[in-house]
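The block underneath contains the structure these notes are about, expressed in structure tokens.
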Amino acid sequence: MSPVLLVIIAVTAIISYIAFNNQALFEKYKFNVGAILQRKEYIRLLSAGFLHADLMHLLFNMMTLYFFGPIVVEAFGITGFLIVYFGSILLGNIFSLYLYQNQAWYSAIGASGGVSGILFASIAMIPDLGIYFFFIPIAIPGYIFGFLYFAYSVYMMLNPKHNDNIGHAAHLGGAFFGLVYAVGLQPERAVENALFLGIMALPLIYMAYMVFVKKKIG
């Protein structure tokens, strides 16, 4: 287990825990469209990745990072891991900023964009990687999980619900970064797994068409 990975988990846990009881800190560093675009507080694009809504949110993200982070470290080294993790947080939040640029009230927090990037970089390397989902006792192949994850996230992003507090755009942006990074650095393996990756990417192609061509913003 990489010490760098453990440090990121520890620092994120500590900052998140402090912010649980410090509303001023939470408000100052969460992702908020108005604060970023109007007050130029660009640090929020990254700092939001160190904040979480509650303990369950924090545990879910850090456990996923703990289990899948080593795959990315092994494939791309520590530098590659850091690029994927923080690049995914940034791209996820930048994508959210683009989508919700006219909604100054929109806010979000969590490392989910970065974690999604790590998860999908892992799946890009090992498409048939077995993933256990909640209480289902049978492992789901990574590319099937990826397809379902993308399909659900795209649907919810394009058809938002008032009681849905999940940052689907950040998840998608982060996952996209991790996937593209892995494919770009390991093109031979991407060619070998082209069918699996193509199936998984179908919802992303649909999303790109709806967002950038049809201009449908969730």
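The values are calculated or read from the model by the stated rules, or taken from the named source; none is laboratory data. This is a predicted model, so every value here is computed, not measured. Glycine also receives a Cβ, built like all others from the backbone with ideal geometry; neighbour counts cover every protein chain displayed. The accessibility values were calculated without ligands, DNA or RNA, using every heavy atom of the protein model including side chains. Shrake-Rupley method; radii C 1.70, N 1.55, O 1.52, S 1.80 Å.
Peptides 175-181, 97-103 ranked from most to least packed, by the mean per-residue count of other Cβ atoms within 10 Å: 175-181, 97-103.
For the stretch 37-92, rounded, prolate or oblate, judged on the Cα gyration tensor with a ≥ b ≥ c (square roots of eigenvalues), a/c < 1.5 rounded, else prolate if a/b > b/c? It comes out oblate by the Cα gyration axes. At q = 0.16, 0.20 Å⁻¹, what is the log10 ratio I(q)/I(0) for the stretch 1-43, with the Debye formula run over Cα points and no solvent? Log-scaled intensity ratios, in q order: -0.56, -0.72. Hydrodynamic estimate: the Kirkwood radius of the stretch 115-218 over Cα pairs, inserted into Stokes-Einstein at 25 °C and 0.890 mPa s, corresponds to D of 174 µm²/s. Packing around the peptides 196-202, 81-87, taken as the average count of other Cβ atoms within 10 Å per residue, puts them in this order, highest first: 81-87, 196-202.
When the P(r) is computed for the stretch 1-97, the part past 24 Å accounts for 25% of the Cα-Cα pairs. When a 1.4 Å probe is rolled over the protein heavy atoms, the share of accessible surface on the stretch 53-175 that falls to carbon and sulfur comes to 70 percent.
Taking amide H as placed 1.01 Å from N in the peptide plane, the amide H of Ile140 sits under 5 Å from that of Ile131, Tyr132, Phe133, each at least 5 places away or on another chain.
Of the trypsin sites (Lys or Arg not before Pro) in the stretch 1-94, which ones lie in a loop per DSSP and count no more than 11 other C-beta atoms within 10 Å? Please report the intermediate quantities before stating the final value.
On the way: sites: Lys28, Lys30, Arg39, Lys40, Arg44; in loops: Lys30, Lys40.
Passing both the DSSP loop test and the Cβ count: Lys40.
For the chain, what does the convex hull of the Cα positions come to per residue, in cubic angstrom?
On the way: hull volume 26.8 nm³, N = 218.
Cα-based convex hull of the chain, divided per residue, equals 123 Å³.
Answer rounded, prolate or oblate for the stretch 78-166, using the Cα gyration tensor with square roots of eigenvalues a ≥ b ≥ c: rounded when a/c is under 1.5, else prolate when a/b is larger than b/c, else oblate. Oblate is the answer for the stretch 78-166, as a/c is 1.5 or above yet b/c matches or exceeds a/b.
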